[in-house]
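Undergrad: The structure that follows is given in the form of structure tokens.
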Amino acid sequence: MNSRFAKVKSSGNLTVDRFKAFSKPLGVDMYIAGANLFVGSTENESKYLNAKGLLSANLSVDTLNIKYKDEISTNIGGLKMVANTTPVIDTTAVIPMTAGLEFDHLRTKLPDSTWMVAGKTVLKGGIKASSTDKRIPMAGATISVDTLKYILIPLRTGMVLTESQFSLEALPYRQAIRQQRERRIAAGDTLRTRTTRRANRQRSQVDSVASSNSVLRQWEARGQVRFKQLRGFSRLFPIPMYIDETSVKFNTNNMTLSGARLHLGKSDFTLSGELSDIRRAMLRGGKLKANFELESDLIDCNQLMLAIGKGLQFSDQLASNSVGAFSEDSISVLETDHLLANTVDSVATDSISQLFVVPKFLDLTLHTNAKKIDFKDLKLEDVKGEVVIRDQSINLSDLCMSSNIGSGDLTMVYTTKTDQEATMGFELSLNDILVERLISLFPDIDTLVPMLRSFEGMVDCQMTATCKADSPMSVLLPSVNASCYLSGKNMVLLDGETFTEISKTLMFKNKKRNMIDSIAVDLAIHDNKIEVFPFLVEMDRYKVAVGGTHNLDMTFDYHLSVLKSPVPFKLGIDIKGNLDDFKFKIVKCKYKDFLKPTKQAELDSTRRNVREEIRETIRKQIREAAPELGNSLSEIHPHTHGHVEEST
């Protein structure tokens, strides 16, 4: 009989008008309406199983309601299920089978107040033995969903997927590794590379022993997802989010994007690249790696940073159980964009102050090309460069840009381990920058370089610095270590108390507004003070050498050597005090040898060495935080004409 079992033909049919079952001990409540079940032999053919004349089971249900305690509640309409297998069964091999599932709508509540709502859905799948070993299973599936909604009520978070198609293949992880090895060998992989990868796999297998029942550890899944639109909403990141029509290839360790266009509020990002090490990050707390090409028409940092801040506030409320109750009947309210779209824009961007703590698990590289970036009142254009997020640091390499205040290049490291303090290092080169706009956008610069407030016009600025910032994102001035070079032409020295007194003493022609032909200043900021290396200023009928120190408590000690003037001799002026209470007096000229060419060459070399020593100290700190940025740090050699030395 066993040898002829495949030739037996039989069938059966069951129709149920209504069926209701309830078990209080089990906590199960079930209702079925309009059900029909067929089991039997058919003449159907399956290309997947490579067989004809299958054993089939078909089930159709008009309405299915299932409730399990207060944890699970499911409603399905228009359900159809089918399963097929071959009549001949090899008990030593994987049992081959195909299955299909289709329904018109589904609404289910899962544990932890998670909801899933789906429209018209069709699923087809199968399982069979591997072509290399009949005991090893292989599975595949395709899914198409009209509309899919997945909502986490406690987190006020969810997504809506429109017109999506999924294709999926699954096989045991070790079988997948074997296939990868065969492909690498066929592609001419080297012995050394294979040895390294084998060692990594061995470590992975050791780690896997502790939790061998994990599906992710035992199975490799690969496939592709296509959708018309993916829309997200979350109180953890309260701005509208959606992805345009795209295709994503994936497996349990990698995900590949090709031209995926993501919208976050006003910002848009087009991503191409790969997300990798997903398996290690999920199983062993490893780092999630990514390498993407990023293009954007607009990145609104104001809106994004504020959304992150508001999300952190909501996260704190969740942790302290201070989030108000939410009715599960109001799921549709979560899906409305206007509920979240206005929460960010309604808050002034001046409130952007909280430190951004970089997640530990991220290792992300972005090759950036952004047409426009908004940060506070700064409008950046044509921003290109590399951004590396790693070890709780954000590293910007050779970021070039133009803006509404000028153009420039930036290399920067931002590191923060907690929300209390951040460390920053940067090398900045700015060209044709409007002084007044620079101060209005970054008030801390006025504190670090106080003399800027006295000038009007455009300057070039090259600055290398490290510093720390506190939780309100304010620079901790005692931590500042920097060297700065400023240069400008046709500058205007504005009227001020100090200038008024000097102009009266020196009898300037125009005591309100004086043009400066050119200016070039070297500054060193360290030990709570600013050292201003002597430099030349030409204005009115005078050539003046200026140098001294400016403390971060806003007291100063400057010396001016008047080298050329209507007066037939050289003189000096000392200015001491602060802006509210200062004194000056006529003294001996300290920089009297400034105009001698032989002296200038010697002194320029001395100043350049001091400046480069400070820069190299700062570059070392930046390299320690981000070694890959070492080669991107520019070798800046500013124009040194006009630097002088104190005479002895």
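The values are calculated or read from the model by the stated rules, or taken from the named source; none is laboratory data. Because the structure is predicted, anything quoted here is derived from the model rather than measured. Cβ sites come from the backbone with ideal geometry, for glycine too, and all protein chains shown count toward neighbours. Protein only, heavy atoms only, side chains kept; ligands, DNA and RNA dropped before computing areas. Shrake-Rupley method; radii C 1.70, N 1.55, O 1.52, S 1.80 Å.
Undergrad: List the residues whose amide H sits under 5 Å from the amide H of Thr365, counting only those 5 or more places along or on another chain, with H placed 1.01 Å from N in the peptide plane.
TA: Those lying under 5 Å, H to H, from Thr365 are Ala290, Asn291, Phe292, Ile389.
Undergrad: At 7 Å along the Cα-to-beta-carbon direction for both Ser60 and Ser113, put a label point, then send me their distance in nm to one decimal.
TA: With each label point 7 Å from Cα toward Cβ, the separation is 4.0 nm.
Undergrad: Tell me, what ³J(HN,Hα) does each residue in segment 428-435 have, in order and in whole Hz, if you take phi through Karplus 6.51 cos²θ - 1.76 cosθ + 1.60 with θ = phi - 60° and put x for Gly and Pro?
TA: 10, 10, 10, 10, 6, 9, 6, 4
Undergrad: As an exercise, use a Förster radius of 60 Å and the Cβ-Cβ distance of Thr598 and Glu274 to find the FRET efficiency, rounded to the nearest 0.05. Don't skip to the answer; put the middle values down first.
TA: On the way: r = 61 Å, r/R0 = 1.01.
E between Thr598 and Glu274, to the nearest 0.05, is 0.50.
Undergrad: Here is a follow-up. Full-extension gain between Asn321 and Asn609, please, as 0.36 nm times their residue separation minus the C-alpha to C-alpha distance.
TA: Numbers: separation 288, 0.36 × 288 = 103.68 nm, distance 5.88 nm.
In short, 97.8 nm is gained.
Undergrad: If you add up the charges near Lys371, with Lys and Arg at +1 and Asp and Glu at -1, over every other residue whose beta carbon is less than 15 angstrom from its beta carbon, what do you get?
TA: Details: positive: Arg261, Lys266, Lys372, Lys379, Lys384; negative: Asp268, Glu293, Glu295, Asp297, Asp300, Asp374, Glu381, Asp382.
Neighbourhood net charge equals -3.
Undergrad: Still on this structure, please answer the following. Which FRET efficiency value, to the nearest 0.05, is calculated for Lys52 and Ile72 with the Förster distance at 51 angstrom and r the Cβ-Cβ distance? Each step should come with its number before you reach the end.
TA: On the way: r = 39 Å, r/R0 = 0.77.
Working from the Cβ atoms, E equals 0.80.
Undergrad: If you average the alpha carbon positions of segment 255-281 and of segment 554-600, how far apart do those two centres end up, in angstrom?
TA: 59
Undergrad: What list of ³J(HN,Hα) couplings, whole Hz, do you get for segment 254-260 from phi and the Karplus terms 6.51, -1.76, 1.60, once you set θ to phi - 60° and write x for glycine and proline?
TA: 9, 9, 10, 10, 9, x, 6
Undergrad: What does the charge count near Leu275 come to, summing +1 for each Lys or Arg and -1 for each Asp or Glu among other residues with Cβ under 15 Å from its Cβ?
TA: Numbers: positive: Arg222, Lys249, Arg279, Arg280, Lys287, Lys289, Arg390; negative: Glu274, Asp277, Glu293, Asp363.
Here the count lands on +3.
Undergrad: I've got another one for you. How far is it, in nm, from the label point at Asn44 to the one at Met282 when both lie 7 Å from their Cα along the line to the Cβ?
TA: Once both label points are built, they end up 3.0 nm from each other.
Undergrad: Just to confirm a number: summing +1 for Lys and Arg and -1 for Asp and Glu over residues other than Gly126 whose beta-carbon lies under 12 angstrom from that of Gly126, what do you get? Intermediate results must be reported in sequence, preceding the final value.
TA: Values: positive: Lys47, Lys124, Lys128; negative: Glu169.
Its environment carries a net charge of +2.
Undergrad: Let me ask you something else. So how strong a dipole does segment 548-589 carry about its Cα centre when Lys and Arg Cβ are +1 and Asp and Glu Cβ are -1, to the nearest 20 debye? If you can, show how the numbers build up before the last one.
TA: Numbers: 6 positive and 5 negative charges, 79 e Å.
With only Lys, Arg, Asp and Glu charged at Cβ, the dipole is about 380 debye.
Undergrad: Order the following by accessible area, largest value first: Leu430, Leu55. Probe radius 1.4 Å; ligands, DNA and RNA are ignored. Numbers along the way, then the final one.
TA: Numbers: Leu430 25, Leu55 60 Å².
Ranking Leu430, Leu55 by accessible area, largest first, yields Leu55, Leu430.
Undergrad: Could you tell me the center-to-center distance, by alpha carbons, between segment 86-107 and segment 372-438 in angstrom?
TA: Comparing the Cα centres of segment 86-107 and segment 372-438, I get a distance of 56 Å.
Undergrad: Could you sort out which of Lys80/Lys124; Lys570/Lys592; Lys489/Lys576; Lys67/Lys149; Lys564/Lys592; Lys69/Lys109 sit more than 18 Å apart by Cα distance in this structure? Walk me through the numbers before you get to the answer.
TA: Numbers: Lys80/Lys124 12 Å; Lys570/Lys592 7 Å; Lys489/Lys576 27 Å; Lys67/Lys149 20 Å; Lys564/Lys592 10 Å; Lys69/Lys109 11 Å.
In this structure, Lys489/Lys576; Lys67/Lys149 lie more than 18 Å apart at Cα.
Undergrad: Let me ask something additional. Gain in length, Asp470 to Lys24, computed as 0.36 nm per residue apart minus the alpha-carbon separation, to one decimal in nm?
TA: Values: separation 446, 0.36 × 446 = 160.56 nm, distance 5.81 nm.
Full extension of this stretch gives 154.7 nm more.
Undergrad: So, one more: Pop the C-beta distance of Val16 and Ile89 into the FRET formula with R0 = 25 Å and round what comes out to the nearest 0.05.
TA: On the way: r = 29 Å, r/R0 = 1.16.
Efficiency computed from Cβ-Cβ geometry: 0.30.
Undergrad: Ok, one more. Using the crude model of +1 on Lys and Arg Cβ and -1 on Asp and Glu Cβ, and no other charge, please compute the dipole size for segment 1-152 relative to its Cα centre, in debye to 20.
TA: Values: 19 positive and 13 negative charges, 61 e Å.
Around 300 debye, computed over segment 1-152.
Undergrad: Mind checking which lysines have their Cα closer than 24 Å to the Cα of Lys620? Skip sequence neighbours fewer than 8 apart in that chain.
TA: Partners within reach: Lys360, Lys417, Lys468, Lys529.
Undergrad: If we sort 308-316, 575-583, 10-18 on the protection proxy, mean other Cβ atoms within 10 Å, highest first, what's the order? Write out the running numbers ahead of the final one.
TA: Numbers: 308-316: 16.3, 575-583: 12.3, 10-18: 10.0.
Going from most to least packed, we get 308-316, 575-583, 10-18.
Undergrad: Quick one: Karplus J couplings for segment 272-277, per residue in order, coefficients 6.51, -1.76, 1.60, θ = phi - 60°, nearest Hz, x for Gly and Pro?
TA: 9, x, 9, 9, 10, 6
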